[in-house]
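The values are calculated or read from the model by the stated rules, or taken from the named source; none is laboratory data. The structure displayed is predicted, hence computed values, not measured ones. Glycine gets a Cβ as well: all are built from the backbone with ideal geometry, and neighbour counts include every protein chain shown.
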Amino acid sequence: MLQILVAPFAACVVLAALHCYMGLHILRRGVIFVDLALAQMAALGAAVAVVLAPVMLPREHGEAAGPASAVVEAADPWLEEPSDPATEALTYGFSLLFAFAGAGLIAVGRLKDNRVPHEAFIGIVYVVSAALAMLALNKAPHGSEKMEAMLLGSILFVGWREVGRTAALYAVIAVLHVVWGRRFLSITESPEGAEAQGLKVRLWDFLFYVTFGLMVTQSVKIGGVLVVFSFLIIPAACATLLLRGFWPRLLAAWALALVASVAGLWFSAAGDMPTGASLVAAFGAMLAVCAAVAGFRGGGEPSAAP
């Protein structure tokens, strides 16, 4: 059992490394559901790739493939690893394209007069992309199973190649945030102040969400929409309840994410329960405990020191 869980735990460690950092940005910006929106856009791209694969890659799917067999199991981006490099590239390319499109929509949706709240705009992107994904998968064989996998992923069956690929991509994104981090943090803390300093807020917002989209496109393929959201928001929320300061909160979020990952994987293995749902439940339980601790310490007011 431990051998089975080593690779999923390594995937959780990699996910936590970048998602906790991004989550603190997202909480401070007040765009809580941006992860759900971009993850769902990436999933929509994968669904479109599944539908178009027989047309765009006829050799891989048979020359006789027609509209009635527009979806094949070998191209499934959630239930199993694609069977050939061309299908894998097509699926990833469409996911990335749709995630970037979502990043552009969300960046443009920040209005100066706030007549339409940014969070409302993000919610619209999520709802519409979720509906379109359901429509795309409606005619797919085992469509309901695909939709469930889209939400909860298949992290239990992740392989070391996927873990390594994810770690390499996250390392590149981390370097970009080291280089551009001050600009991103300035906009996170105060968009008006950043604009007064001469920063082009929409441009840097777009770049921030592009890196976010890169992260989500990869992670949603492993964990699904709900697991990715849990890694992003819940450890950051717990750390914010307990501590002050960006970096103390980041360290705490990393530690809490690892604890919840171990608990979720153990519960899944011991009870023979779905891994994705077990992870989300563990993160939820962790938030309840942290909220109770914060309330006991004085109305949820975070301490001044780590």
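Observations
- Residue under evaluation MET273, criteria (1) of a type outside the set (Lys, Arg); (2) closer than 26 Å to VAL6 by Cβ; (3) out of contact with any helix residue (DSSP H, G or I) (no Cβ under 7 Å at 6 or more places or on another chain); (4) outside any helix (DSSP H, G or I), criterion not met: (3)
- Reported count of residues in the stretch 235-248, each being surrounded by fewer than 24 Cβ atoms within 10 Å (Cβ to Cβ) and assigned to a helix (DSSP H, G or I), is 7.
- Residues of the stretch 102-126 classified as of a type in the set (Gly, Ala, Ser), at pLDDT 80 or above, over 28 Å from ARG165 (Cα atoms) and surrounded by 14 or more Cβ atoms within 10 Å (Cβ to Cβ), total: 1
- For the stretch 73-101, a tally of residues being modelled with pLDDT under 50 and part of a helix (DSSP H, G or I) returns 3.
- Lone unmet requirement of (1) surrounded by fewer than 23 Cβ atoms within 10 Å (Cβ to Cβ); (2) closer than 24 Å to ILE122 by Cβ; (3) modelled with pLDDT under 85 for MET1: (2)
- For the stretch 164-177, the criterion of being surrounded by fewer than 19 Cβ atoms within 10 Å (Cβ to Cβ) and either touching a strand residue (DSSP E or B) at 6+ places or on another chain (Cβ under 7 Å) or more than 22 Å from LEU96 (Cβ to Cβ) (or both) is met by no residue.
- Of the residues making up the stretch 199-218, just one is closer than 13 Å to ALA46 by Cα and not β-branched (Val, Ile, Thr), namely GLN218.
- Exactly one residue out of ALA10, ALA64, ALA70 is among the aliphatic types (A, V, I, L, M) and modelled with pLDDT of 80 or more, and it is ALA10.
- Unique match (being part of a helix (DSSP H, G or I), at pLDDT 90 or above and under 17 Å from the mean Cα position of the chain (by Cα)) among VAL179, VAL172: VAL172
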